[in-house]
1. If you take just the helices (runs of 4 or more DSSP H) that sit entirely in the range B:15-114, which of them hold at least 1 residues that are over 30 Å from residue A:68 (Cα atoms) and at pLDDT 85 or above?
2. With the requirement that a residue be on the phi < 0 side of the Ramachandran plot and not in a helix (DSSP H, G or I), what does the range A:2-60 give you?
3. Give all pairs with beta carbons closer than 7 Å in which a residue from the range A:1-18 that is farther than 19 Å from residue A:77 by Cβ and at pLDDT 90 or above meets a residue that is exposed (fewer than 12 other Cβ atoms within 10 Å of the Cβ) and polar (S, T, N, Q); count only pairs at least 6 apart in sequence or on separate chains.
4. Among the residues of the range A:49-86, what is the count of those that are more than 14 Å from chain B (Cβ to nearest Cβ) and among the small types (Gly, Ala, Ser)?
5. Select, from A:31, A:61, A:39, A:47, the only residue that is closer than 27 Å to residue A:162 by Cβ and at pLDDT below 90.
Amino acid sequence: MKLIKPTYKKFSDEELMVALGKGDKRAFDELYGRYDKALMAYFMRMLYRDRELAEDFIHDLFAKLIRNPALFDTTRSFKSWVYSVANNMCKNEYKKREVRKNTSNGLDSNYNVKDENRGVLSEVQDRQFGEDFERCLGELDEKHCEVFTLRHIEGLSIKEIADILEISDGTVKSRLFYATKYLAKSLEHHNPLLTR
Amino acid sequence: METGEFDKLFEKNYGDLSAAEKASIQDLVTSEEEFEGMKQFYAQIEQNFASPDLEPSPRLKSRLDDVFHEVYPKESGARLWALLPVLIPSEKKFHQQPLVRIAAILVLALLLVPFFNQKTNEPIQHAQVNEDKAEVEQQDSQGAKAANTNEEALNEEEPTASIPLAEIQVPNTESRSGRSLTAQPGLSSLVSSTVSPPPSFDHPDGVFAGAVSDADMSVASDEIAMATKPKPIARDLAILDLLTATF
């Protein structure tokens, strides 16, 4: 019989937020453990691969949660909410810098390649594809770029993206359609099968 | 698949798509060849831009812990209250909660304690009986000594034949088995020392009583009184054991 068993792993994100608001340290530790890596990767992509800046943004985001847990609307999905806050923080950073680096959207072709046993030629091709992709993505306007990034890089659903950006599902879908079509056309030379 | 996640359709084969699904992606692809190209495009994105395994530094967590303790300072009873969700988790049923199980174990233990105490008391009772036996034997030996001195005094006055009584026939007080009772050595010596049965006397009870002086009677009565005074049940049991031991 287990007398003491951690049960926070079974809590939903929203339940953990409620517990955090009551001063439950373990709830905070669990919530942090669930989102630290994902947010780190997101901020690294969005903030020009600046690790220190990314950690500062994570600190500011969670500190905001601790100091004012009432900011979170418990009727919403926590995941959507936290990405929404992160997205707004990045936009504010862009405005501060007043420069959007088109050459780098945080996408690095040196990211993990899933199949590490592929040949050198494949790696060169992948690297070339990554560079061209980055360039083409930078050519898109911000609203299409962020939708495409959240969908295909962060792995969020249409509904979650709509929640984060506070737009409708149909708008997300149409923007995604446009971004996909544009990128596919721009990179068709990498794929002999892709024809118009 | 959620509504609108058209890119998920590119995980299937073109031939497996329904007419409605094909219609939903017709703005992107119009033929099977274009479908395969787009499929390749998504695979390349996923392959090249898989989420890197980036972990924040431990220092970040410690900074956040400081912020947390600043906002929610530790209270003296905080640890005890922190145990409550562990002992009484709301997501578990009543009988599965740890506190209920602990209470049930304590109740069982309390119920079993008298049972074990009863078992432990039995050896104590036996020890008490043994002590009583020793006490009785000691008193008998003291009575025998006193009786011996009286016997010597009697022998000096009237040299009568003191027949040691091996058995005292007491038909009315037979044991349940019907056997005759044999007096304990102490009593027999006491009786023999104070009684000299006349050879011709035949008492119906089988108890032979001879002529005894008043002084001897008083001594004997005192000693008999001591020997026959009410004893605790344990002592009676001891005597019974001794009485029945010779059968």
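The values are calculated or read from the model by the stated rules, or taken from the named source; none is laboratory data. Everything numeric here is computed off the predicted structure, so don't read it as measured data. FYI the Cβ positions are ideal-geometry reconstructions off the backbone, even for glycines, and counts take in every protein chain you see.
1. Filter on the range B:15-114 gives B:19-24, B:32-48.
2. Across the range A:2-60, the qualifying residues are A:2, A:3, A:4, A:5, A:6, A:7, A:11, A:12, A:22, A:24, A:47, A:50.
3. Listed by first residue and then by second, the contacts come to nothing, as the list is empty.
4. 1
5. None of the other options fit; the residue is A:47.
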